1. On a 0 to 90 degree scale, rounded to 10, what angle separates helix 17-36 from the longest Cα axis of the chain?
2. Which ordering of CYS253, CYS245, CYS315 is given by a fewest-first count of other beta-carbon atoms within 10 Å?
3. In vacuum, with every alpha carbon of segment 260-335 counted as one equal point scatterer, what does the Debye formula give for log10 I(q)/I(0) at q = 0.19, 0.20 Å⁻¹? Two decimals, please.
4. List PHE142, PHE45 from most exposed to least, where exposure is judged by having the fewest other Cβ atoms within 10 Å.
5. Based on alpha-carbon centroids, what's the gap between segment 285-353 and segment 80-132 in Å, whole number please?
6. So what is log10(I(q)/I(0)) for segment 96-221 at q = 0.10, 0.13, 0.18 1/Å, when the Debye sum runs over its Cα atoms only?
7. For the charge dipole of segment 1-330, defined by +1 on Lys and Arg C-beta atoms and -1 on Asp and Glu C-beta atoms about the Cα centroid, which residue among LEU32, PHE213, GLY75 has the Cα displaced farthest towards the positive pole?
8. Return the percentage of antiparallel bridges among DSSP beta bridges fully within the chain, rounded to the nearest 5 %.
Amino acid sequence: MAADGMHWDPVMETMDGEELRALQLKRLRGTLERCAGSPFYREWFKEAGFDPAAVFSLEDIRRLPFMDKDTLRGGDPTRFLTVPKDDVVRMHSSSGTTGQATVIFHTARDVEAWTELVARCMYMAGVRRSDVFQNMMGYGLFTGGLGFHYAAERIGAMVIPAGSGNSRRQIQLMRDFHTTAVHVIPSYALYLLEVFADVGLDPRGDTDLRIAFLGAEPHTESLRRRIEESYGVGAFNSYGLSEMCGPGVAFECPAKLGMHVWEDSFLVEVVDPGTLEPVAEGGEGELVFTSLNREGMPLLRYRTRDLSSIVEGTCPCGREHRRISRIKGRSDDMFIVKGVNIFPMQVEKVLLGVLGVGSNYQIVLDTVGAMDEMRVLVEVAGELWHGEVRELNRLRSRIMEELRQEVLVTPRVELVEPGSLPAGEGKAVRVLDEREHARED
Ligand code: ADP
Ligand code: ZN
């Protein structure tokens, strides 16, 4: 069916909760049946004493063990295929943020379904044929490049496949071709602001940007706001993982009250990472996904390590696909200093709320004497860096005090020159753990 002005896929997007559950069950049973035909899953089911034909409700899937990155790592990745190898038309892999990258295979139908999902997301945020879409994500094995590329073309927007990096050229392209929408890693969007300043341009007045898709790494509401204000755009949170397809798993609608998980394509569970039991509705836990509409390599009960929760209530946009809250981080992102559990996003929330803080920061953990020390390196906004020392001292004390209140340890705060911290083209590395025990691992 054709888009109706508000929905790219009116049938799927306006389905009510009950219909969605029925569709999920039907697709789950189909997926399990397909899996039962593959040697890997036959063995997986057998070991778990699981009868795929005896699934009569969505909850029945809880009788299956979880899969995770370790399940996928090592060995021949084609063992997860549920189609003949010749049906595969594309491979992608994860970024390898937490170790060896995992490989994912797609059939032509998978690529088509994925394209439709991302088109649904982009259209929901307001992208139309008249837009010029600059994709500033890495092309290649990473799914953020091609995933958005095909979807934007499907909508009929003009795509600039800029890829990542080469910041001055990015700005040049935006200006020469009147880019209206971008897809960008949030830490890079902040960094790019410095480059705009270096070339004497203001993204608000000197570009036609109106939409930014922010994805691939955890980021705070404060960071979103800063990007919206400094670029003069509406920024939308885009969540996905290569194991489920890539971007297009969950996405913000214009209400921006959580990200709708496309439940026609994914079954979402939120589990306690310790007990692996489901958390109470609305409680925080680890996201677990089951693919419901993948042909080549469906994954069942895949543990993401991403921490989030289901947003309760109904969304003002009318879509009944359930929403997940902004990702707090991966469970592996958490670090412990002096016995206190800390997430990098807690630090980001504080920093970006303080006036005078620039575009980048890094957390460094050291051992000093026998003690942990947490240092937070913070780039200062340009005008302040060249200003009075007294002002800088005031900023430093303020950051220290606010961080202490948020994370309950007093970090050492070091203010550094704008642009001096490493800013890569890929996902930001927020924590450097130089502690003795970390080095020994
Ligand atoms: P890797 O797991 O190696 O980073 P992927 O490229 O598949 O490889 O990235 C998927 C992961 O990226 C997710 O599991 C999540 O941790 C992170 N991620 C993606 N989008 C977002 C987002 N919008 N917010 C927070 N984290 C995100
Ligand atoms: Zn909504």
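1. 70 degrees
2. With the fewest neighbours first, CYS253, CYS245, CYS315 line up as CYS315, CYS253, CYS245.
3. For segment 260-335, the Cα-only Debye profile gives -0.82, -0.89.
4. Least crowded to most crowded, the residues run PHE45, PHE142.
5. 20 Å
6. -0.32, -0.54, -1.00
7. GLY75
8. Working: 42 of 66 bridges.
Beta bridges within the chain, antiparallel portion: roughly 65 percent.
Throughout, read-outs are computed from the coordinates displayed, never taken from laboratory work. Since this is a predicted model, take the numbers as computed values, not measurements. With ideal geometry, Cβ positions are generated from the backbone for all residues, glycine too; neighbour counts draw on all protein chains shown.
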